[in-house]
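Please treat every number below as a calculation from the coordinates, not as lab data. Keep in mind it's a predicted model, so treat the numbers as computed, not measured. Here the Cβ is made from the backbone with ideal geometry for all residues, glycine too, and neighbour counts use every protein chain on show.
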Amino acid sequence: MKNVSLLLTVIAVVILYSCGSSKAKDTSKSELEQELTEKNRGAVSLLTRVIQLPGIVRRNGRPVINKTANSILASATEEPLYILNSYIVGSSFNSVNQLVDSFNVKTIEILSDAAAAEYGTRAANGVIKITTYD
């Protein structure tokens, strides 16, 4: 009986010590959401990530900045200018998609109208700036 009592005491001490001595990392909800987003970003294609941004629509399989809600002009189907890590890539989503992997994208920023003016007339259809972790 003494051995059983001693064994239970040792088990209780081990359990209490292991539970009480661990210091849980104090993480907020936003930090956990950010970590989850970073882990899952590779599972989503670059096209899907771009189309999910506000003001972007998909026309003919390519992302286009929708300047007005009822725009059906031929010029509205033209692609925006793509900037990858501060370098002008061109106006073709396919070329950007070949250069960068979705999991490596840090931020995607949409510029239109006056914000895109620094890129000149090539940015008449807007600008999509992509920044990677490299």
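Place a point 7 Å from the Cα of residue 67 along the Cα-to-Cβ direction; which residues of segment 95-134 have their backbone N under 15 Å from it? Only 111-128 fall inside the zone, counting backbone N under 15 Å. Near the amide H of residue 91, within less than 5 Å, lie the amide hydrogens of 82, all on another chain or at least 5 residues away, with H placed in the peptide plane.
Straight Cα distances below 20 angstrom link residue 29 to the aspartates and glutamates 38, with same-chain residues fewer than 8 positions distant left out.
A Förster radius of 30 Å combined with the Cβ-Cβ distance from residue 35 to residue 85 puts the calculated FRET efficiency at roughly 0.80.
Net charge of the neighbourhood of residue 131, taken over other residues with C-beta under 9 Å away and scored Lys/Arg +1, Asp/Glu -1, is +1.
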